[in-house]
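Any read-out appearing in this document is the output of simple, stated calculations on the displayed coordinates, not a laboratory observation. Just so you know, these numbers come straight off a predicted model, no measurement behind them. Reconstructed Cβ throughout: ideal geometry from the backbone, glycine too, with neighbour counts over all protein chains shown.
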């Protein structure tokens, strides 16, 4: 999915958030924002939004020297989500269809994307849980995904934000198997999960855990490692969490199920689902 | 009021809106946005937000050749507001305090700021009218303003958006006098009223009408004509409508009553009133 002009205000907002969390020095924040604006004035606007965001992230990192600005925030989000683990396990156990309940919880994790917000209240999480369990799920039939997972030799799960991976873990427990691999970002990218974050969430206990070798807040295949690309090509089913993965992989020819909440107008238009929808979308060419 | 980094996403959003309404040519829109981003990467960020917005407006105008991109939209807004004139006159006539009712209607006009939205439904206007009549008014006492107007030799009223001037007209009718001058922008600036727009709203029937000689979407004194600055300095009371005028004049030493709805976090922080408040604020040094 190519970026549109309407992505620019959002990318500037994101650049400012990353700059502010990377340094307290207001002059350095200003200088960093100037560099980000200049980069945006020159970059190829036909890239996907996460590719432009990756460029912004590189600038902020090189100017502020902060390697993983969201490290602490990510830990707080993961810890808050882990506190809810028993509650989530109860939801799945008591459900008449644990696979669908787990899938809905994985979407709940995507709803909860907290950005740089440090405090996560139990109420925040509880309201998101009940929203994810009650709101209609648009797109593909979850049972079709389940059947594809059952018959697949290899399943690749592309994670998204750090706190979200705790929710993914509950879903992954519904089809725990040696054939399942979970991939996280290869370097810090906004609040997306890296290997450390995914281990904090306990993902390594329910699946093989790898990183994709890239620091984009998405899955930009050309920026990923050869090893990741090999696993990606070999996977019979890919589950891609979050808008970033949709934006970067929507034109891929792999057998991908995108699982995300629609959070912006451009993705709403591109996917055909209205803002706020909870979506399980099978890639066109999958 | 100086711009802050949080203004940048908003200024980019505004730049895109102006670029899109100025030309249908997507390539030219992209080129224009690149120039705006480059300008923002280089401009003095200690200016007020409307000063930066003026620079953006100049770039869009020079690149697209469109002199007054909001001309048609402004006419539609003015026509929609004029249709409500009898209703507004009824509200004032039936009120136990026509001055306060008129002042509240003037704020209603500021609430209704429609940007590039072309269609204005009667429902839009009705809901805004009832909101403005019912919501508490923060800040100064309207009767203090009334008393200052009564004893002043000259009153200067700084208008804001085009459709809003119809609402201003109802307020101005409550203190109709030869001593009242209404100033609009000296050149097109977003959807702000120029002389043509103010005449469409009938402002010339209730007050002396002038322009400030500037194309900023605010009152940037250094950019205004000498004639306007003379009237500004001589005025005993100035009523300044909208956030733009507040952003550009909040550090002025003139006797200004700002009349606006708080529409962004920075103005909320700077003015001390929460988002969405209806505010009549007397300048600190007034």
At residue B:82 and residue B:97, where each label point lies 7 Å from the Cα along Cα→Cβ, what is the point-to-point distance in nanometres? 3.3 nm
Two-site label geometry, residue B:177 and residue A:196: point separation in nm, points 7 Å out along Cα→Cβ: 6.8 nm
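Sequence gap at least 6, Cα distance under 8 Å: using those rules, report the relative contact order of the stretch B:174-286 to the nearest whole percent.
Values: 181 pairs, mean separation 20.5, N = 113.
Worked out over the stretch B:174-286, it gives 18 percent.
Please find the FRET efficiency linking residue A:27 to residue B:30, where r is the Cβ-Cβ separation and R0 is fixed at 35 Å, and quote it to the nearest 0.05. Provide the component values of the computation, followed by the final result.
Values: r = 31 Å, r/R0 = 0.89.
Once rounded, the FRET efficiency stands at 0.65.
May I ask you to work out the translational diffusion coefficient for the stretch A:71-282 at 20 °C, viscosity 1.002 mPa s, via Stokes-Einstein with Rh from the Kirkwood sum over Cα pairs, reported in whole µm²/s? Display every interim value, and only then the final one.
Working: Rh = 16.7 Å.
Once the numbers are plugged in, D ends up at 128 µm²/s.
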With a point put 7 Å past each Cα toward its Cβ, work out how far residue A:133 is from residue B:68 in nm, to one decimal. 5.9 nm
As I understand it, the value is the acute angle between the Cα axis of helix A:71-83 and the longest principal axis of the Cα atoms of chain A; what does it come to in degrees, rounded to 10? 20 degrees
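What is the Å³ per residue value for the convex hull set by the Cα atoms of the stretch B:7-64? Walk me through the numbers on the way to the answer.
Values: hull volume 3.6 nm³, N = 58.
So the per-residue hull volume is 62 Å³.
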Nearest 10 degrees is fine. How inclined is helix A:122-134 to the longest principal axis of chain A, computing both from alpha carbons? 50 degrees
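Report the per residue volume, in Å³, of the convex hull enclosing the C-alpha atoms of the stretch B:219-268. Let's see the in-between values first.
Details: hull volume 3.7 nm³, N = 50.
Looking at the stretch B:219-268, the number lands at 74 Å³ per residue.
How compact is the protein assembly as shown by the rule of thumb for globular proteins, expressed as Cα Rg over 2.2 N^0.38 Å? Show your work: numbers first, answer last.
Numbers: Rg = 27.4 Å, N = 572, 2.2 N^0.38 = 24.6 Å.
Expressed relative to 2.2 N^0.38 Å, the Cα Rg reads 1.12.
For peptide B:27-37, compute the average count of partner chain beta-carbon atoms within 10 Å of each residue's beta-carbon.
Working: counts 0, 0, 1, 4, 0, 1, 5, 6, 1, 3, 10.
Other-chain Cβ atoms within 10 Å of each residue's Cβ, averaged: 3.
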Could you state the number of Å between the C-alpha centres of the stretch A:134-213 and the stretch B:78-154? 55 Å
Label-to-label distances across copies for residue A:82, with labels 7 Å out along Cα→Cβ, in nm, shortest first? 6.7
Expressed in angstrom and rounded, the centroid-to-centroid distance over alpha carbons for the stretch A:225-286 and the stretch B:8-64 is 33 Å
Give the share of C-alpha pairs in each 10 angstrom bin for the stretch A:28-153, from 0 to the last occupied bin, in whole percents, shortest bins first. 11, 28, 25, 24, 11, 1
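Below 8 Å between Cα atoms, with a sequence gap of 6+, how large is the relative contact order for chain B in percent?
Values: 530 pairs, mean separation 56.3, N = 286.
That works out to 20 percent.
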Distances in nm between the label point of residue B:2 (7 Å along Cα→Cβ) and its equivalents in the other copies, shortest first, are 4.0
Taking chain A as the reference, fit the longest principal axis to its C-alpha atoms, fit the long axis of helix A:26-42 to the helix C-alpha atoms, and give the angle between the two in degrees, 0 to 90, nearest 10. 80 degrees
